[in-house]
Every structure is written in structure tokens, then in C-alpha cells.
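Trainee: So that we are looking at the same thing, I have put the structure below in C-alpha cells.
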Amino acid sequence: MKHLTNKQTSTLKNLEHYIQDFFKEDKTGHDFGHIKRVVDLTARLLVDKANPFVCLVAAYCHDLFDDKLEMPFKSIEELEEISGLDFEGQNMRIQKVIDELGYKGGFDDVSRSLNAQIVYEADLLDASGAIGIGRAFYYAGSKGHIFHDPSLEGVQASNYDEYRSLSRNVIAHFDEKLLKLKDEMKTDKAKKIANQRHELLVMFVKAFKEEVEGRDYEK
Ligand code: ADP
Ligand code: NI
């Protein structure tokens, strides 16, 4: 695996401190804990042909340019200028990775570079497993969505706008995204982690439905 230079390691540490502040107040599940987990997963998924510096800078910055967050910069280039950090002429490659991320309801069929695929998988892994279950309910609460209403059962988003706005049960998000995540993985390590996390999701959804219906767990 390609190694980071000492200068790159120091840039990444400074970047971590620089952006930590921006996510302090987040209440939608994009807090710094999410960013750090995505960075750590990205580091685990790196393979020989990937560029570690590009992937790791992109992982740190992947949620910075969301329109809803009012940041003083709208691109990696502006971030580099304002922060004084040195991305070593890789701005365009880093930006391209960030632009190729996001599940977006699964309605877009994006073909990704290897660097982007790795950060994409890291971001999606943090939407799966125990943390993914916690984040789904946390996100829904933050958006004022209902916890569970039997009359909404079967309501499904059929396009990206609906995916972002339609009132539906949180458990519907498992069908539209969380249970599909393992099939988005292309690198071997991500497939393995995703399969383990998937098993937990399946158990959770089954138990959730049984409890909603007032039944005891079936073996
Ligand atoms: P990302 O970090 O991938 O950009 P999003 O902004 O789409 O993620 O979502 C943040 C978290 O909230 C993720 O864990 C995602 O699965 C979850 N989430 C997104 N939309 C919904 C929804 N409609 N209901 C419940 N959870 C959601
Ligand atoms: Ni994210």
C-alpha cells in the first residue's frame, strides 16, 4: 500500500482539527463522530492502486459542501485557500471523489473512480450496522418524521425528491437504503464488513416488525 509522507500526515492532522469545529453543532447525524468513523473506515479500505492522501482528505471533507450547512467555502479549492492547508495540487482529484459520493436514494447510477468508490463505501458502512440503525432514527427525529405509524406502512419513495421529502416510517428507510448497502460494495474488505453489518440489520428489522405487531420473536 502507498504510504503517506510526513507532510501529508501532518496536513491530515491539521485538517482534522480545522473541520472538527464545523461539525460541533450538527444534530442530523453528520457530527464529527461520523466524519471520523468514515475517515477510519477509508483508511481500512485503502488498496494499492488507491491514492491514500486524496481518499483521506475527501473522507474528512465529504460532508462539508452540503448546501444546508452554511460553510464559508463551497469547494476544496476554497477550503485550501481559506484554511492555508496544502493539498499538494490534488484539489481536482479530491473534489471529484466528493462529487461522486452519496447514496441519493439509489436513483442515480454513478460510475466511480477507485478513490471515490473507497470513500463511498466507507460513508455507506457508517449507515449500516448498529450505528446505521441509530443514525436512521436520529436523522428521522431531527427532520420531524414520525417514529412509526401503521397507516404509513407500504409508503415508498419512487424518486429522489420523494426520497428526501415523503412522510414515511423510519423502517421504510431500511428497505429503500440500508438493506441494499451490501450490494453497493465492490472492494473485498468493504463487502466483508457490510455483510456482517447487514446481518444485524436483518435481525433488527425482523424484531421491529414482530414488536410492532405485538408478536413474540420467532426463531
Ligand atoms: P450521508 O452521510 O450518506 O450523506 P444522508 O445525509 O443521506 O447521509 O443521511 C444521514 C444518515 O441518515 C444516514 O445514516 C442515512 O441512512 C440516514 N437517513 C437518510 N435519509 C433518511 C430517512 N428518510 N429516514 C431515516 N434515516 C435517513
Ligand atoms: Ni457522510
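Trainee: Any chance segment 119-135 includes a residue that's out of contact with any Pro (no Cβ under 6 Å at 6 or more places or on another chain), more than 10 Å from ligand 1 (Cβ to nearest atom) and modelled with pLDDT under 95?
Mentor: No, because not a single residue in segment 119-135 is out of contact with any Pro (no Cβ under 6 Å at 6 or more places or on another chain), more than 10 Å from ligand 1 (Cβ to nearest atom) and modelled with pLDDT under 95.
Trainee: I would also like to ask the following. For segment 182-191, which positions are free of Cβ contacts under 8 Å to residues at least 12 places away in the same chain and within 16 Å of VAL38 (Cα to Cα)? Don't jump to the end; show me each part of the working.
Mentor: Quick first cut of segment 182-191, residues free of Cβ contacts under 8 Å to residues at least 12 places away in the same chain only: 183, 188, 191.
The answer is LYS191, and nothing else.
Trainee: With (1) in contact with a helix residue (DSSP H, G or I) (Cβ under 7 Å, 6 or more places away or on another chain); (2) in a helix (DSSP H, G or I); (3) of a type outside the set (D, E, K, R); (4) within 16 Å of ligand 1 (Cβ to nearest atom) as the list, and LEU64 as the residue in question, which single condition is left unmet?
Mentor: (2)
Trainee: Moving on to the next point. Which residues, counting only those in segment 107-128, are surrounded by fewer than 20 Cβ atoms within 10 Å (Cβ to Cβ) and either aromatic (Phe, Trp, Tyr) or under 14 Å from GLN196 (Cβ atoms) (or both)? Steps first, answer last, please.
Mentor: Within segment 107-128, the first condition is being surrounded by fewer than 20 Cβ atoms within 10 Å (Cβ to Cβ), and the residues that meet it are 107-114.
Within segment 107-128, PHE107 is the sole residue that qualifies.
Trainee: ASP108 fails exactly one of the following numbered conditions: (1) within 11 Å of ligand 1 (Cβ to nearest atom); (2) farther than 23 Å from TYR60 by Cα; (3) part of a loop (DSSP other than H, G, I, E, B). What is the number of that condition?
Mentor: All conditions are met except number (1).
Trainee: Hey, another quick one. Among what's in segment 89-105 and is within 13 Å of ligand 1 (Cβ to nearest atom) and either β-branched (Val, Ile, Thr) or touching a residue at least 60 places away in the same chain (Cβ under 8 Å) (or both), pick the residue that is surrounded by the fewest Cβ atoms within 10 Å (Cβ to Cβ).
Mentor: GLY105
Trainee: Another question, if that's okay. Among the residues of segment 141-178, what is the count of those that are part of a helix (DSSP H, G or I), aliphatic (A, V, I, L, M) and within 11 Å of ligand 1 (Cβ to nearest atom)?
Mentor: Within segment 141-178, the subset part of a helix (DSSP H, G or I) is 141-142, 150-152, 160-165, 170-176, 178.
Imposing the further condition that a residue be aliphatic (A, V, I, L, M) reduces the set to 152, 170-172, 178.
Right, trim to within 11 Å of ligand 1 (Cβ to nearest atom) and you get 170-172, 178.
Counting residues in segment 141-178 that are part of a helix (DSSP H, G or I), aliphatic (A, V, I, L, M) and within 11 Å of ligand 1 (Cβ to nearest atom) gives 4.
Trainee: Let me spell it out: the conditions are (1) in a helix (DSSP H, G or I); (2) within 15 Å of ligand 2 (Cβ to nearest atom), and LYS13 meets all of them except one. Which number is the exception?
Mentor: Result: LYS13 fails condition (2) only.
Trainee: Something else about it: In this structure, does ARG197 turn out to be at pLDDT below 95, in a helix (DSSP H, G or I), within 16 Å of ligand 2 (Cβ to nearest atom) and not β-branched (Val, Ile, Thr)?
Mentor: Details: at pLDDT below 95: no; in a helix (DSSP H, G or I): yes; within 16 Å of ligand 2 (Cβ to nearest atom): yes; not β-branched (Val, Ile, Thr): yes.
For ARG197, the condition - at pLDDT below 95, in a helix (DSSP H, G or I), within 16 Å of ligand 2 (Cβ to nearest atom) and not β-branched (Val, Ile, Thr) - is not met.
The values are calculated or read from the model by the stated rules, or taken from the named source; none is laboratory data. Since the structure is predicted, the reported quantities are computational estimates derived from the model, not experimental observations. So basically every Cβ, Gly included, is an ideal-geometry build from the backbone, and we count neighbours across all protein chains shown.
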